[in-house]
1. Which ones in the range 259-283 are in contact (Cβ under 8 Å) with a residue 60 or more places away in the chain and under 21 Å from Pro181 (Cβ atoms)?
2. Regarding Ser59, is this residue out of contact with any Cys (no Cβ under 9 Å at 6 or more places or on another chain), in a helix (DSSP H, G or I) and modelled with pLDDT under 80?
3. Does Ile186 satisfy being of a type in the set (Val, Ile, Thr) and modelled with pLDDT of 80 or more?
4. Which condition breaks for Ser66 when tested against (1) at pLDDT 70 or above; (2) of a type in the set (S, T, N, Q); (3) more than 27 Å from Gly278 (Cα to Cα); (4) part of a helix (DSSP H, G or I)?
5. Please specify each residue of the range 350-402 satisfying the condition of being more than 22 Å from Tyr87 (Cβ to Cβ) and assigned to a loop (DSSP other than H, G, I, E, B).
6. Restricting the search to the range 77-122, which residues are closer than 17 Å to Ser367 by Cα and among the β-branched types (Val, Ile, Thr)?
7. Let me spell it out: the conditions are (1) buried (at least 24 other Cβ atoms within 10 Å of the Cβ); (2) in contact (Cβ under 8 Å) with a residue 60 or more places away in the chain, and Gly140 meets all of them except one. Which number is the exception?
8. Of all the residues that make up the range 109-123, how many are surrounded by fewer than 24 Cβ atoms within 10 Å (Cβ to Cβ) and either in contact with a Cys (Cβ under 6 Å, 6 or more places away or on another chain) or assigned to a helix (DSSP H, G or I) (or both)?
Amino acid sequence: MTHFLPQYISFLSSCHAKGVLWRELKGAIPAIIPFRRQLHPLWFFAQTFVIGLDLYIVSPLLPAISRQYHQPPSMVSLLVTIFALTYAISSPVWGIFADHYTRRRLALLGLLLFLGGDLLTALEPPFRYLLWSRAIAAVGAAGFTPSLYAYIADTTFIHHRGRTMSIASAGFSSATFLGIPLGLIIADVWTWSTAFWLIFVLALLSWGITWKFWTVSKHDIVPQNPSICPDSRLAVNYIVTALAYAGFGAVYTYLPLDLTQSYHFSPLRLTVFMMAFGLFGLLGTLGAGYLSDRVGHLRVIRWALLAETLLLLGLRHPWTGAILWLGLLLFSLVTSYTPVLKALVSAKGAKGLALSWNNAAMYFGLSLGALGMGMLWPYGMTTIYLSATIFTTLAYVMTLRL
């Protein structure tokens, strides 16, 4: 027994926090046991769902808001427009600080502003303050979302990044097809402000998740090139993102109007269709992320843009019935490559700054497609399909420079 005592004491000392064996085991644990970031995608999904719900739930609530405030539809629709434009403008401003402060700190600050905006909305203030409340919420969302994607880029290996970002982006896609019916139910059973009280509670939980579980990565604060294009290909990525979303925004904005006027969709049928449209977008988001990790981000983006262009050309034919539904649902499926664009941009240069500008390009493209096609709407939906085809073709050509 006494013969083994010195060896036993030596073994215990090596297991001490400062011992060699302990350091070796500590270094080997991450390779043996999956890192806890494996649980994060579901948290990210929940957090982006809250942000997306705040945007998409507004549209079905506009009639109730219009009645309460005695405002015409053109005025209450500013609640959506102001949110989108404020998001696009403020996102690059957040990008200035994105790589100089921790992701966690900026995300908490963004969520705090988001909470303040939604609280003000839920209190049903005078209409001009209601507009301000949407702007405040948009500023907060613009600060949180790029921080979340940058955090994913910092804490996820490149060959898993597309999948993780697709799960996070699926929160937005889920909000598109759940926001409309949820908004209609809430407006019918309670008041429109109840929806924002619900979002406020969910956002408060999201703030708690960020504070409790987000860690400070060693990549969080590193010296970065202050240019918005530390890699020249980032500028091309911004252009591709803007063009792709201009094409999508043109179709998505005017599609409900076309289905109502040209195909005489009833409100119920239109709601069911938009839910299916959002569901296919969710499936496309998840599929694009998983596929990009296997065959490459750039290849998936090119395939999706090519499929989108061909579908837009096909939709110019006056299809009806099941063929029309199939074509439009496939369009939703192949246009859901947002996480792949973000995964691609996160591999080039300053992640926080680049993702902020990527978000700004996305919302700029959506606004361009929505507002720019208003002049072409009198010429019919086929003209809008053709214009969207031009946008996606240009986007595809630009990807050849990536």
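The values are calculated or read from the model by the stated rules, or taken from the named source; none is laboratory data. For clarity, every value in this text was computed on a predicted model and none was experimentally measured. Cβ: placed from backbone, ideal geometry, glycine included. Neighbour counts: every protein chain shown.
1. Across the range 259-283, the qualifying residues are Tyr263, Thr271, Met274, Met275, Ala276, Phe277, Gly278, Leu279, Gly281, Leu282.
2. It is true that Ser59 is out of contact with any Cys (no Cβ under 9 Å at 6 or more places or on another chain), in a helix (DSSP H, G or I) and modelled with pLDDT under 80.
3. So Ile186 does not fit the description; no.
4. (3)
5. Leu376, Gly380, Leu400, Arg401, Leu402
6. Val80, Thr81, Ile82, Thr86, Ile89
7. (2)
8. Result for the range 109-123: 8.
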